[in-house]
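All of the numbers you see were taken from the coordinates with simple rules; none came from a lab. Just so we're clear, the structure is a prediction, and the values are computed from it rather than from any experiment. FYI the Cβ positions are ideal-geometry reconstructions off the backbone, even for glycines, and counts take in every protein chain you see.
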Amino acid sequence: MARQYLALAMLASALWGVSYPITYLALRFFSINELIMLSYLFSILLLLMVLMFHGYDGKSIAKGLLLSPINYVITYLYTALSHSVGGLTALVSSSYVVLLIVIDYIRNRIINVRYIVSESTLLIALYLLFQGYGDSIYVASLLMFMNLVYTIALALISNADALNFVFGQSTGVFLITCLTMHGFINTSSVLTSYLYYPFVLALVGNVIPYALYALSIRHIGPVETSLTSSVETISSLISSTPIQQLPINPVAWMLLMISILSLNIENKKPELRTVGLILPSNCLPTQLTIEGILPWNKEFRNNVGVIYPHIMREIPGKRKII
């Protein structure tokens, strides 16, 4: 079951990766706020049609509205940086998973080697793939912080219905974008065939990936879900080949593959063997009625002591059972 949700998280990351070159191309015809507003407007319309059959959940919609300001900042930054992502931004913005791993260790006191291997190989690969580290450390740090806050907040409200949550989030981002826009939307762009850009972004950049992301966090946790960003890096680079040259660094590509494969290694937990109520060897449970068990059980307690449901301490004439 965990593998299925890991696959969904990878699909969400792959779709986000594909959305970057689409955003880059769309910005030739739309401003940043125009593109965000139109793509989220299409998201709302699409989700309204789906929720007519799926059903509405007011609490999940409200939770999406609460997180919409954070989502707006993340969406705005990624849209603005879609054509000029530097090595520093790629490296720092992805390092929020390190903080998630630390939080996971503080809570569970368990070091997950898979997480460490996946994140370390991802960061090294990003360092090798992206050239140029002169971009703003403030923007990169802000993006890292917003990713961290959004992921933790989404994990805390993971009981929300995914589709209703994304609907509430999309509605909030749409309203925020309308309030922050300077002037009116460029009608010449809206009335042309360029509208397919925000429509496609509504699907691959918002509705589908955010719904899958929320669903994955609920079942496999925020750390493992966030580590699938290796897939996002690969899909963004491959899908961008028509507009830019694919970076050739065999070591970096190998590290990205290791980052992905390490997530698919299952942790084998030791099986705990439990011992239930032990009956005398000459007395099977099917041979005893409730009235027959209770008197014998009372006598057995008097001879042995306290009986624990899963652990027996000592039986007279027998060895210890652990």
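For the reader, a short list of remarks on this structure follows.
- Among the trypsin sites (Lys or Arg not before Pro) within the range 79-158, those in coil by DSSP and having at most 14 neighbouring Cβ atoms inside 10 Å are 109.
- For the range 2-263, the relative contact order comes to 44 percent (Cα pairs under 8 Å, sequence separation of at least 6).
- Residues 48, 88, sorted so that the one with the fewest Cβ neighbours within 10 Å comes first: 48, 88
- Computed from backbone phi, the HN-Hα couplings of the range 99-113 come to 5, 5, 5, 5, 4, 4, 5, 4, 6, 9, 6, 10, 8, 8, 5 Hz, rounded to whole numbers (Karplus: 6.51 cos²θ - 1.76 cosθ + 1.60, θ = phi - 60°; Gly and Pro given as x).
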